[in-house]
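A.B. asks: Below are the structure tokens for one structure; questions will follow.
The values are calculated or read from the model by the stated rules, or taken from the named source; none is laboratory data. Quantities reported herein were computed from a predicted structural model and do not represent experimental measurements. Because the Cβ atoms are built from the backbone with ideal geometry, glycine has one as well, and the counts that use them run over all protein chains shown.
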Amino acid sequence: MELFDKSTIEKEIKELPSGILTIILEAACSVNITSIAIVGGVVRDLIKKSKNQDYEIIFNDLDLIIEGETSTYIKELQKVLGAERVKVIRDNRNYKTSEVIINGIKVDIASARKETYPIPGENPIVELSTIKKDLIRRDFNINAMAIELKDNRLIDLFSGSDAIENMKMDFLHKSSVLDDPTRVIRASRYSAKLDFDLSNQALKQIKDTINLWPWNWHIGDNTDLAPSALSIRLKMELELLLEDKYWKNALKNLQVCGGLKIVDSKLQNDQRLIEKIFIAKKSNIEPLTAFVYESKSPIYLAKRLHLNQQQKEIIEGACRLNKYLKNITANHLYKNWSPSKWTTNLEKINANESSFMLEICRNNPLKEYLKSWLFNWKNIESPIKGDDLIAKGWEPGPEIGIEIKRQRMKLIDENIAF
């Protein structure tokens with residue numbers, strides 16, 4: 001077993017204050033926590049550093065796992081360091097995890113747990129367990145390692161260190177995708193982020209499991225009945241992937257391995273998907289919104305993934321706009337429309353700016369008209385106001401609104417930017 005001394009770790013990770021790991025360990029011992037270890041990205045980075053001294057560790061956060069209750073441990077840390085230096089940011093009692101800030105450093109603390117999946121795709125049953133059993137329930141060999149702080153020992157049950165050296169990752173179990181299909185999304189994200197390949201066994205498991213479709217729910221069924229791994233947790237993993245620095249390669253990986261089939265068949269086969277999302281991102285549209293809109297049934301998928309109300313409204317507006325544009329394209333009458341005619345008809349659709357941008361990103365054949373309205377005609381106001389007309393002797397009533405609109409449309413038609 002390789003040894004990782006606490007002082008060496010603090011030396012390699014300059015963001016960690018000297019002696020902090022000893023304090024973390026002593027606080028655990030004070031409340032009879034039998035074992036505490038570092039897991040996650042720091043372990044992978046330290047292994048890479050041990051094999052290549054030129055490797056630069058980029059520190060984001062520290063992941064700790066304990067054999068005990070996180071709440072008890074955090075209270076002891078606050079007692080030792082002071083409550084002002086240990087601030088609780090999040091506490092998830094169902095999954096027995098907490099996020100705290102210690103001396104300005106983000107630290108994720110989790111109780112070692114065992115997970116069982118009585119129904120594939122549903123949330124697992126969580127029980128307190130040992131660190132070794134916690135590592136066994138994880139997703140990939142490169143994530144199933146821990147550095148025990150008591151004896152500085154690397155726990156590596158699945159040859160994760162070798163996998164890092166060979167730059168190849170694998171699932172831990174034959175039923176990994178069956179139990180939790182979101183692991184397909186995670187596999188693609190980690191593969192892109194770390195520049196690792198998925199093993200042939202992992203690729204085969206993804207393909208075979210998705211083709212078999214062993215889950216009780218199918219795409220097209222009632223979205224309210226979709227298991228969490230094919231709905232809300234799937235959304236969370238997709239958000240992480242699309243917001244990641246290496247999202248393009250991750251999305252490409254998903255299409256190559258057939259992983260997007262768990263989301264939507266059209267997304268799986270869309271060769272311009274990355275380009276569309278890239279344009280949407282540059283237009284300040286949330287990438288997940290753009291991603292869902294490119295699916296076969298955007299409104300259905302938005303509901304299935306539990307998108308928020310604003311995202312749903314953007315997608316619904318874009319769908320109305322798309323349907324309208326298809327209808328007018330068929331008769332070609334739009335070719336003789338004036339800017340005011342375009343403005344009147346587009347504004348009847350009642351879609352917001354982001355809805356228009358989704359259609360523009362999609363490279364709609366009528367996108368130049370959409371851009372003209374969005375960036376020009378929409379912003380043109382009537383040169384006269386209601387008060388002006390009343391001052392001229394107009395009686396209050398609907399005729400004033402009609403006149404204001406007429407004046408606005410006249411000005412839009414006079415505008416040369418078309």
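A.B. asks: Going through segment 47-67 one residue at a time, which ones are in contact (Cβ under 8 Å) with a residue 60 or more places away in the chain, of a type in the set (A, V, I, L, M, F, W, C) and out of contact with any strand residue (DSSP E or B) (no Cβ under 7 Å at 6 or more places or on another chain)?
C.D. replies: ILE47
A.B. asks: Then there's this: With respect to SER295, is the statement that it is part of a helix (DSSP H, G or I), of a type in the set (S, T, N, Q) and either touching a residue at least 12 places away in the same chain (Cβ under 8 Å) or surrounded by 21 or more Cβ atoms within 10 Å (Cβ to Cβ) (or both) true?
C.D. replies: no
A.B. asks: Return the total of residues in segment 50-89 being among the aliphatic types (A, V, I, L, M) and either under 23 Å from LYS11 (Cβ atoms) or part of a loop (DSSP other than H, G, I, E, B) (or both).
C.D. replies: 8
A.B. asks: Using beta carbons and a limit of 7 Å, which pairs, at least six apart or on different chains, have the first residue in segment 229-244 and in a loop (DSSP other than H, G, I, E, B) and the second one buried (at least 21 other Cβ atoms within 10 Å of the Cβ) and at pLDDT 95 or above?
C.D. replies: Between residues of segment 229-244 that are in a loop (DSSP other than H, G, I, E, B) and residues that are buried (at least 21 other Cβ atoms within 10 Å of the Cβ) and at pLDDT 95 or above, the close pairs are SER231/ARG304; SER231/LEU305; ASP244/ARG189; ASP244/ALA250.
A.B. asks: If you don't mind, there's one more thing I want to ask. Any residue at all in segment 90-104 that is part of a strand (DSSP E or B), of a type in the set (Lys, Arg) and without any contact (Cβ under 8 Å) to a residue 24 or more places away in the chain?
C.D. replies: yes
A.B. asks: Restricting attention to segment 162-200, report how many residues are touching a residue at least 40 places away in the same chain (Cβ under 8 Å) and in a helix (DSSP H, G or I).
C.D. replies: Of the residues in segment 162-200, 17 are touching a residue at least 40 places away in the same chain (Cβ under 8 Å) and in a helix (DSSP H, G or I).
A.B. asks: Just checking, how many residues over segment 360-374 are more than 18 Å from ILE314 (Cα to Cα) and either of a type in the set (A, V, I, L, M, F, W, C) or in a helix (DSSP H, G or I) (or both)?
C.D. replies: Result for segment 360-374: 4.
A.B. asks: Filter segment 130-179 down to the residues that are in contact with a Pro (Cβ under 9 Å, 6 or more places away or on another chain) and either under 28 Å from GLU26 (Cβ atoms) or of a type in the set (Lys, Arg) (or both) and list them by number.
C.D. replies: Matches in segment 130-179: ARG137 only.
A.B. asks: If only one of ALA330, ALA290, ALA280 is in a helix (DSSP H, G or I), among the small types (Gly, Ala, Ser) and surrounded by fewer than 18 Cβ atoms within 10 Å (Cβ to Cβ), which one is it?
C.D. replies: Testing whether each residue is in a helix (DSSP H, G or I), among the small types (Gly, Ala, Ser) and surrounded by fewer than 18 Cβ atoms within 10 Å (Cβ to Cβ) leaves just ALA330.
A.B. asks: Considering only segment 224-245, state which residues are of a type outside the set (A, V, I, L, M, F, W, C) and either surrounded by 17 or more Cβ atoms within 10 Å (Cβ to Cβ) or within 10 Å of the chain's Cα centre (by Cα) (or both).
C.D. replies: Step one: filter segment 224-245 for residues of a type outside the set (A, V, I, L, M, F, W, C), giving 224, 227-228, 231, 233, 235, 237, 239, 243-245.
Within segment 224-245, PRO227, SER228, SER231, ARG233, LYS235, GLU237, GLU239, GLU243, ASP244 meet the criteria.
A.B. asks: List every residue pair whose Cβ atoms sit under 9 Å apart, with the two residues 6 or more apart in sequence or on different chains, where the first one lies in segment 378-402 and is part of a helix (DSSP H, G or I) and the second, anywhere, is loosely packed, with under 10 Cβ neighbours inside 10 Å and among the aliphatic types (A, V, I, L, M).
C.D. replies: As it stands, the answer is none, since no pair meets every condition given.
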